Amino acid sequence: MEMRIVPDEAIHHIQLSGEVVEPECRDLPKEASTLMAQTVSPILLDFTDVTYINSAGLGACVATFKRAREHDQEMALCCLSEDVLKIFKLTRLTAILQVFPTLEEAKAYLLSG
């Protein structure tokens, strides 16, 4: 998994790529916490280039969500492939995480609230 911070003044846009698996995915909650400590902005996890996610990757997303809540910040996911979205649905994580089909919809949600 690769993680890139996309410059954006209004949100913390974290673009993920490749396979979201251990051990690389452990860095996701830490990176998000570092960003949230710098400025109060919502977190956007962009899955545009993610090809696969396993249980460790799901756990990293949940841990990131928990840290966002601890900082009183919103979090959203966007641009999940059909296969990755299916995994989120099967684990019922779509019931607690805000998932959007496009970057624009995710940004609109995060900036509205």
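Kindly indicate whether any position in segment 16-30 is under 17 Å from LYS89 (Cα atoms) and either touching a helix residue (DSSP H, G or I) at 6+ places or on another chain (Cβ under 9 Å) or without any contact (Cβ under 8 Å) to a residue 60 or more places away in the chain (or both). Yes, that holds for at least one residue.
Among all residues of segment 55-74, there is none that is part of a loop (DSSP other than H, G, I, E, B), free of Cβ contacts under 8 Å to residues at least 40 places away in the same chain and among the β-branched types (Val, Ile, Thr). A single member of ALA37, ALA63 is at pLDDT 95 or above and among the small types (Gly, Ala, Ser), and it is ALA63. With respect to the conditions (1) buried (at least 18 other Cβ atoms within 10 Å of the Cβ); (2) in contact (Cβ under 8 Å) with a residue 40 or more places away in the chain, LEU80 falls short on a single one, namely (2).
For the residues THR34, THR51, the requirement of being exposed (fewer than 14 other Cβ atoms within 10 Å of the Cβ) and touching a Gly at 6+ places or on another chain (Cβ under 9 Å) singles out THR51. If you go through segment 1-30 and keep only what is surrounded by fewer than 15 Cβ atoms within 10 Å (Cβ to Cβ), in contact with a strand residue (DSSP E or B) (Cβ under 7 Å, 6 or more places away or on another chain) and not in a strand (DSSP E or B), you end up with just ASP27. Give the residue that is surrounded by the fewest Cβ atoms within 10 Å (Cβ to Cβ), with candidates limited to residues of segment 83-113 that are hydroxyl-bearing (Ser, Thr, Tyr) and in contact with a Phe, Trp or Tyr (Cβ under 7 Å, 6 or more places away or on another chain). Taking the candidates together, the pick is THR94.
The values are calculated or read from the model by the stated rules, or taken from the named source; none is laboratory data. Since we're looking at a predicted model, the values are computed, not measured. We place every Cβ from the backbone using ideal geometry, glycine too, and count neighbours over all the protein chains shown.
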